[in-house]
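Undergrad: Sharing a structure, written as structure tokens. Questions coming.
The values are calculated or read from the model by the stated rules, or taken from the named source; none is laboratory data. These numbers were taken from a predicted model, which means no experiment stands behind them. Ideal geometry is used to build each Cβ from the backbone, glycine not excepted, and the neighbour counts take in all protein chains shown. Surface accessibility is based on the protein's heavy atoms, side chains included, excluding ligands, DNA and RNA. Shrake-Rupley method; radii C 1.70, N 1.55, O 1.52, S 1.80 Å.
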Amino acid sequence: MDVKAVDKVYVGNINVAARRARELLLGKLKLGDVIDWATTFSLWPVHLLTSCCGAEFAATWSPRFDAEQYGALPWVAPRQTNFIIIEGTVTRKMACALRITYEQMPHPKFVIAMGACALDGGLFYNSYNIVRPWEVVPVDVYIPGCPPPPEAVARAIIDLRRKIREKKLASRWLIEGWRHDRDPVKPADDVCKWWRP
Amino acid sequence: MEGQKLQGMVVRRVEKELYEVFIGPQHPGSGHMRIIVRLDGDVIVEADPDIGYVHRTMEKLSEVREWLKPIPLLERMTIIDACNITVPYVNALEKLMDKSPPPRASYLRVLLCEINRVASHLYGFGIFGVFLGHSTMYMWAFGDREVFVELAEILTGARLTHSYPIPGGVRRDMPQDFPEMARRAVRYMRGRLEEYRRIFVDNPVIVKRLEGVGVISRNKAAELGIVGPNVRASGIRYDVRLAEPYEVYDELDFEIPVFEEGDALARTWVRVEEIKQSLSIIEQAVDWLERHKGEPIIPKEDYDKLPKLHREVYEKTGRVKLLPAHATMKIPAGKAIARGEMGRGEIIYYVESDGGTTPYRVRVVTPSARNAIVFKYIVPGHRLMDLPAIYGSIDYFPPEADR
Amino acid sequence: MKPEELLELLKHALGGLAKEVTVRKGYVEVLVDADSVVPVANKLKELGFDHVKSVTATDYPKESKIRVTYHVSSYLREDLAKPILGLSVDLPRDNPVMESLTGVWRSSEFQEREVYEFFGVTFRGHPDLRPLLLIPELAERRVLRKDFVVKEESIYEGVPHRYQ
Amino acid sequence: MVLETILYLIAYPPLWQVLILGFVGALLVAMVAIWFERKAAARVQRRIGPYWASPRLGGFMIIVADMIRYVTQQVIIPTTVDKIAFLLTPVAVLVVTILPLAFIPLSPHELYWPVASMEYSLLIALALTTLPPLLTVVLGWASSNKFSVIGSLRESYVITAYELVAVLAILAPAASTLSFNIVYIVEAQQPVKWLAILNPLAFLAAFLAVLMSTSAFPFEIPESEHEVVAGPYTEYSGILYALNMGGGYIRRFIYAIIIALVFLGGWAPYTPGLDPFTGFIIPSLIVLVKASIVVLVMSFLRAVYGRYRLDQALDAAWRLALPLALLGLGWSIILAYMNLI
């Protein structure tokens, strides 16, 4: 152990201890797999409605499709959730709210972009008031369609689950402290006046 | 607090003893809008709706697209009520072109409109339920909405975005087994409405939350110019289907439910009664359509222009395949104003043509856009917990309001 | 009430205030001068037109004017509920200013804000004139005027979302 | 010397029971309660509910996954919060929530639950149960968030009104049995002289007050998501939020155990023996089953009722629940006077 004496009181270095504990738990005991598994069955989308795909988003959690059976429970506050479904067009006014919501969520966090508008503008590709969500937040899974049926949303959740399991996204966040597969996306438009002096 | 600077946030003073709360846009009680609420204790003294979070520039985009293309564009405003929102636009085009659809097409439009109206009211109920903390209402309403969404899917081929009416007719005829399905859905929904009444509308907790909340008097409703079930709950007998019957609403037998109280509970009851009327209209329309099988669904002059192959497809499957020329048609110059009754109220299109291939100006005023004023003038004076009740009861749908 | 009857009624009520009253395909339009819009609106309200359905503006760059139209109708009088009446004002395009009608019809408040942000029409006497739907940067661009051109392509080329 | 003291402290039975049995048991109970609530609501709403993580267990593993996810997630400490209070209060909430377990006997024999057979066990257990809401107020205030502050204000309103009712109603059995000892109260109800039957008014008041003061679903006014996002817990993330959320469920379950003991006769129709099996395991199972039924009914209400408005809830507390509790208290005094129990 890295132990040093401070006036005869022996003090352990907490950072070192934390690193060792992490190595032990994630490396030797292979707890990473458990964490990834847990994350896949506990994808709670935050309540962020951006557009009309919200109608199909709501239908996905309705009794006929019932996405709660995959463990996904729409939750109220961004602090307690771990993924966003961007439902359709993101307008310039909404982009700021989207980014703030994303920043408020704890890591590891994921983003699903739903609908053609979230892919590349869809029907509104030449509108003056929309931004592409991938310019604002990093997106993990896209769902094409206008609007995508609830089955597609459920399918996207399963895709995201597979991605988390295969790439070990949740446990690698614990090890690295950052998701390196997603470079931080800085919004192209200064929608929130973040970096104006 | 002045010195504190947080990224993306603005610090500013509000009046002393007032507490400013921002409801939305990322907030479970707001949908895609923001209401800036100033509280004195628990009582709202000022509410300022800040809408526009889903403003997708429909009016501008309609100006640069050919006459037919705004139909799929405009129905994205109210994706849950897609036929109701496009029929008045098509009516406006028909007024400019002096064209009228054959009766069967009109009946098909009315049929889909009413299916949409039921689905839209159920959507409203679901959102209302979840606003009041009644998750079962949300689930039931959304589950039963699927029945009508599926009916619409069978009729048009799309779950929500039907793009069904076209100037002069509709895109597709009704499938053979549709009437039986529609009747079954109607029977099912009538039974379910009784269960809704028991679990939601007559639920003592819900009644207590809604009674006397958000009262809009008759004169106030007229002054604010609100629309739809909200205005009918205030004792004003106004419905476009009655005032200016478009399509074949003057041939159908239905009532306009009107309540006098003007509070949130009355608005809920209006919607329940409207679902019943819509179910009856669906039955009537289906009966009429069954009696008049084989009638055309596009005008004769359009049919004559079709090539032989398209005619065969039309006669065999009931699907209309239009010529490419249809997409770039020119519409004579003029102005037309058309209105229709959506699930949430009256929609107005003001279409101006300069004789070109694209509209010169399309102005659309949706019911939610006109209802937004309620937040500013009705909400103050209520408690903070009444805000979701009022929001849900006026059935506000932000994408529709922002256009 | 039929459009023709309404026309008679209007001619009788408005007298010389209206510049022009037209009926085309069931749509009645009253064109007035910018300075007589408030008296006309008051007269219309006395007749029973109690709410505004829509406040529209149309840009005519060739004639260098912006036409603001108030579509009014009635809730409390059932016979007036059937027609929709357009009350139009022609404003100069470079400096469109007119009196706000919120004092007459409260229901026009939000839509006047819309016309303000989309066309830059200033309404004198409006209680709260600021952009409604757009962010301030866009509202300065007067996006619904005809000289704000939106690109339209049939084939997708790049990301055409930045407007200069 | 030091080592022996530490060992003694750890092995001291009440501490042992609270820390190990209490903590592990409470965690399990919270998970089962959450699972049941989600599953029952899904049943009423004609859907499946949590399922796919473990189809045979009815999706119970999804709750485990939620727990693991919350534990391993990032904990965000916003810059504007009062750090010490923000970090420590959730832990304190959980500890204080579990503490009453030490004073709740699940068996009449001192051998198996030594602390519990003391004379004032009901009083102490109740007193401890009313503590966590106060900490919730602290927690909301420490978050320095508008919604948290409104949420904790609401919480303080609700607890002022309903804790009083809960205490009065739950103390009614003590009045009729002339004892604060839970074991004695339970034994007095043998075999079926259950106080819920003899004194339904107090039972109803207690049930209502517990629903209210633990923010069970129809009355979750403090964390009513449509005005105040998650109430006092708005700023909490990761494990701190899990502690808060679990604490609420555990608190409700502890109230349910107390109700099962004092109103539903505890292990009543059964007379415990002396050996560990008949003396401890069977009676405690009976109590737990009764408590589970109470929690079950509470969870079921989630699906049927909407949320009361704050002023209406307080109105109901002062106008309906408090008189009801007082009537129940009066009735229990009459019961005691007429020697019915």
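To keep it simple, each residue is scored yes or no on (1) touching a residue at least 12 places away in the same chain (Cβ under 8 Å); (2) touching a Lys or Arg at 6+ places or on another chain (Cβ under 9 Å); (3) in a helix (DSSP H, G or I).
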site	(1), (2), (3)
D:P50	yes, yes, no
D:A53	yes, no, no
D:I62	yes, yes, yes
D:R69	no, no, yes
D:I77	no, yes, no
D:T89	yes, no, yes
D:E119	yes, no, no
D:L122	yes, no, yes
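Undergrad: Another question about this same structure. Could you grab me the full set of residues in segment C:84-120 that are part of a loop (DSSP other than H, G, I, E, B) and in contact with a strand residue (DSSP E or B) (Cβ under 6 Å, 6 or more places away or on another chain)? Full working, then the answer.
TA: Here is the first cut: in segment C:84-120, the residues part of a loop (DSSP other than H, G, I, E, B) are C:84, C:93-96, C:100-105, C:120.
Result: C:I84, C:R93, C:P96, C:S100, C:W105.
One line per residue, one yes/no per condition, for (1) within 14 Å of another protein chain (Cβ to nearest Cβ); (2) in contact with a strand residue (DSSP E or B) (Cβ under 7 Å, 6 or more places away or on another chain); (3) at negative phi; (4) not aliphatic (A, V, I, L, M):
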| residue | (1), (2), (3), (4) |
| --- | --- |
| B:R232 | yes, no, yes, yes |
| B:E244 | yes, yes, yes, yes |
| B:A264 | yes, no, yes, no |
| B:L279 | no, no, yes, no |
| B:Q284 | no, no, yes, yes |
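Undergrad: Further question: Kindly establish whether D:Y255 is part of a helix (DSSP H, G or I), away from chain B (no Cβ under 14 Å) and within 24 Å of D:I98 (Cα to Cα).
TA: Yes; evaluated as a whole, the condition is true for this residue.
Undergrad: One residue is enough: does segment C:39-57 have a residue meeting the conditions under 22 Å from B:V351 (Cβ atoms) and touching a Pro at 6+ places or on another chain (Cβ under 6 Å)?
TA: Checked against the condition, which is being under 22 Å from B:V351 (Cβ atoms) and touching a Pro at 6+ places or on another chain (Cβ under 6 Å), segment C:39-57 yields no hits at all.
Undergrad: Further, regarding this structure: Name the residue, out of D:S299, D:S284, D:S292, that is within 14 Å of chain B (Cβ to nearest Cβ) and either surrounded by 15 or more Cβ atoms within 10 Å (Cβ to Cβ) or without any contact (Cβ under 8 Å) to a residue 24 or more places away in the chain (or both).
TA: Exactly one of D:S299, D:S284, D:S292 is within 14 Å of chain B (Cβ to nearest Cβ) and either surrounded by 15 or more Cβ atoms within 10 Å (Cβ to Cβ) or without any contact (Cβ under 8 Å) to a residue 24 or more places away in the chain (or both), namely D:S299.
Undergrad: Looking at the structure I just gave you, is D:Y70 modelled with pLDDT of 80 or more, more than 18 Å from A:D66 (Cα to Cα) and at the interface with chain A (Cβ under 10 Å from one of its Cβ atoms)? Give the derivation first.
TA: On the way: modelled with pLDDT of 80 or more: yes; more than 18 Å from A:D66 (Cα to Cα): yes; at the interface with chain A (Cβ under 10 Å from one of its Cβ atoms): yes.
In short, yes.
Undergrad: Taking segment A:117-138 only, how many residues are more than 10 Å from every other protein chain (Cβ to nearest Cβ) and open to solvent by 10 Å² or more (accessible area, probe 1.4 Å)? Steps first, please.
TA: Pass one, segment A:117-138, residues more than 10 Å from every other protein chain (Cβ to nearest Cβ): A:118-119, A:133-134, A:136-138.
From the residues that got through so far, the ones that are open to solvent by 10 Å² or more (accessible area, probe 1.4 Å) too are A:119, A:134, A:138.
Count: 3.
Undergrad: Moving on to the next point. Given the options C:K43, C:K11, C:K19, name the one that is away from chain B (no Cβ under 14 Å) and touching a helix residue (DSSP H, G or I) at 6+ places or on another chain (Cβ under 6 Å).
TA: Details: C:K11 fails: touching a helix residue (DSSP H, G or I) at 6+ places or on another chain (Cβ under 6 Å); C:K19 fails: touching a helix residue (DSSP H, G or I) at 6+ places or on another chain (Cβ under 6 Å).
Every option except C:K43 fails the conditions.
Undergrad: What pairs come up if the first residue lies in segment B:320-332 and is farther than 19 Å from B:E352 by Cα, the second is open to solvent by 50 Å² or more (accessible area, probe 1.4 Å), and their beta carbons are under 6 Å apart, counting only those six or more places apart or on different chains?
TA: Pairs found: B:V320/B:R171.
Undergrad: Quickly run through segment B:326-369 and pick out the residues that are on the phi > 0 side of the Ramachandran plot and out of contact with any helix residue (DSSP H, G or I) (no Cβ under 9 Å at 6 or more places or on another chain).
TA: Initial filter on segment B:326-369 (on the phi > 0 side of the Ramachandran plot): B:334, B:345, B:355.
Within segment B:326-369, just B:G355 meets the criteria.
Undergrad: Shifting gears a bit: Based on what the data block shows, is D:Y249 crowded, with 22+ Cβ neighbours inside 10 Å and closer than 17 Å to D:P132 by Cα? Outline the logic, then answer.
TA: On the way: crowded, with 22+ Cβ neighbours inside 10 Å: yes; closer than 17 Å to D:P132 by Cα: yes.
Spelling it out, D:Y249 is indeed crowded, with 22+ Cβ neighbours inside 10 Å and closer than 17 Å to D:P132 by Cα.
Undergrad: Is there a residue in segment D:157-175 that is of a type in the set (V, I, T), open to solvent by less than 30 Å² (accessible area, probe 1.4 Å), under 19 Å from D:Y337 (Cβ atoms) and assigned to a helix (DSSP H, G or I)?
TA: The answer is no, given that none of the residues of segment D:157-175 is of a type in the set (V, I, T), open to solvent by less than 30 Å² (accessible area, probe 1.4 Å), under 19 Å from D:Y337 (Cβ atoms) and assigned to a helix (DSSP H, G or I).
Undergrad: Let me ask you something else. Looking only at segment C:22-35, how many residues end up being in contact with a Gly (Cβ under 9 Å, 6 or more places away or on another chain) and more than 15 Å from C:T69 (Cβ to Cβ)?
TA: The total comes to 1.
Undergrad: Within segment A:57-66, restricting attention to residues that are facing chain B (nearest Cβ under 7 Å) and not small (G, A, S), which residue is least open to solvent (accessible area, probe 1.4 Å)?
TA: Applying the filter and picking the extreme gives A:P63.
Undergrad: Can you tell me which residue in segment D:49-67 is nearest to the other protein chains (Cβ to nearest Cβ), limited to those that are under 17 Å from A:T60 (Cβ atoms) and open to solvent by 20 Å² or more (accessible area, probe 1.4 Å)?
TA: Among those residues, the one meeting the criterion is D:Y51.
Undergrad: Go through segment B:249-284 and report how many residues are under 27 Å from B:K95 (Cβ atoms), among the hydrophobic types (A, V, I, L, M, F, W, C) and open to solvent by less than 10 Å² (accessible area, probe 1.4 Å).
TA: Matching residues across segment B:249-284 total 2.
Undergrad: Being aliphatic (A, V, I, L, M), open to solvent by less than 10 Å² (accessible area, probe 1.4 Å) and under 21 Å from B:R117 (Cβ atoms) is the requirement here; does B:A222 meet it?
TA: no
Undergrad: Among the strands (runs of 3 or more DSSP E) contained in segment B:323-403, which hold 2 or more residues that are in contact with an Asp or Glu (Cβ under 7 Å, 6 or more places away or on another chain) and of a type outside the set (S, T, Y)? Before you say what the answer is, go through the steps one by one.
TA: Working: elements: B:334-342, B:345-353, B:361-365.
Passing ranges, in order: B:334-342, B:361-365.
Undergrad: Oh, and also: Do you know which residues across segment B:41-79 are within 22 Å of B:P324 (Cβ to Cβ), open to solvent by 30 Å² or more (accessible area, probe 1.4 Å) and more than 7 Å from every other protein chain (Cβ to nearest Cβ)?
TA: B:E66, B:L68, B:K69
Undergrad: Could you tell me which residue of segment A:157-197 is most open to solvent (accessible area, probe 1.4 Å), considering only residues that are of a type in the set (A, V, I, L, M) and at pLDDT below 80?
TA: A:I175
Undergrad: Next up: Which is at the interface with chain C (Cβ under 10 Å from one of its Cβ atoms) and surrounded by fewer than 19 Cβ atoms within 10 Å (Cβ to Cβ), of B:Y350, B:Y377? Steps first, please.
TA: Numbers: B:Y350 fails: surrounded by fewer than 19 Cβ atoms within 10 Å (Cβ to Cβ).
B:Y377 is the lone residue from the list that is at the interface with chain C (Cβ under 10 Å from one of its Cβ atoms) and surrounded by fewer than 19 Cβ atoms within 10 Å (Cβ to Cβ).
Undergrad: A:W44 - would you say it is modelled with pLDDT of 80 or more, open to solvent by less than 10 Å² (accessible area, probe 1.4 Å), under 21 Å from the mean Cα position of the chain (by Cα) and among the aromatic types (F, W, Y)?
TA: Values: modelled with pLDDT of 80 or more: yes; open to solvent by less than 10 Å² (accessible area, probe 1.4 Å): yes; under 21 Å from the mean Cα position of the chain (by Cα): yes; among the aromatic types (F, W, Y): yes.
Here the answer is yes, as A:W44 does meet what is asked.
Undergrad: Could you tell me which numbered condition D:V29 fails, if it satisfies all but one of (1) within 7 Å of chain A (Cβ to nearest Cβ); (2) under 20 Å from the mean Cα position of the chain (by Cα)?
TA: Result: D:V29 passes all but (1).
Undergrad: Take residues that are touching a strand residue (DSSP E or B) at 6+ places or on another chain (Cβ under 9 Å), open to solvent by 30 Å² or more (accessible area, probe 1.4 Å) and within 14 Å of chain D (Cβ to nearest Cβ) and tell me which of the helices (runs of 4 or more DSSP H) falling wholly in segment B:96-215 contain 1 or more. Lay out the reasoning, then the answer.
TA: Numbers: elements: B:103-131, B:135-156, B:178-196, B:204-210.
Filter on segment B:96-215 gives an empty set.
Undergrad: From C:E114, C:E63, grab the single residue that is more than 9 Å from every other protein chain (Cβ to nearest Cβ) and either at pLDDT 85 or above or closer than 24 Å to C:P3 by Cα (or both).
TA: C:E63
Undergrad: Determine whether segment C:47-63 contains at least one residue that is part of a loop (DSSP other than H, G, I, E, B), touching a helix residue (DSSP H, G or I) at 6+ places or on another chain (Cβ under 8 Å) and open to solvent by less than 10 Å² (accessible area, probe 1.4 Å). Walk me through it before giving the result.
TA: Residues of segment C:47-63 that are part of a loop (DSSP other than H, G, I, E, B), as a first pass: C:48-50, C:61-63.
Keeping just the survivors that are touching a helix residue (DSSP H, G or I) at 6+ places or on another chain (Cβ under 8 Å) gives C:48-50.
In the following step, the residues that additionally are open to solvent by less than 10 Å² (accessible area, probe 1.4 Å) were identified as C:49.
Yes, the conditions are met somewhere in segment C:47-63.
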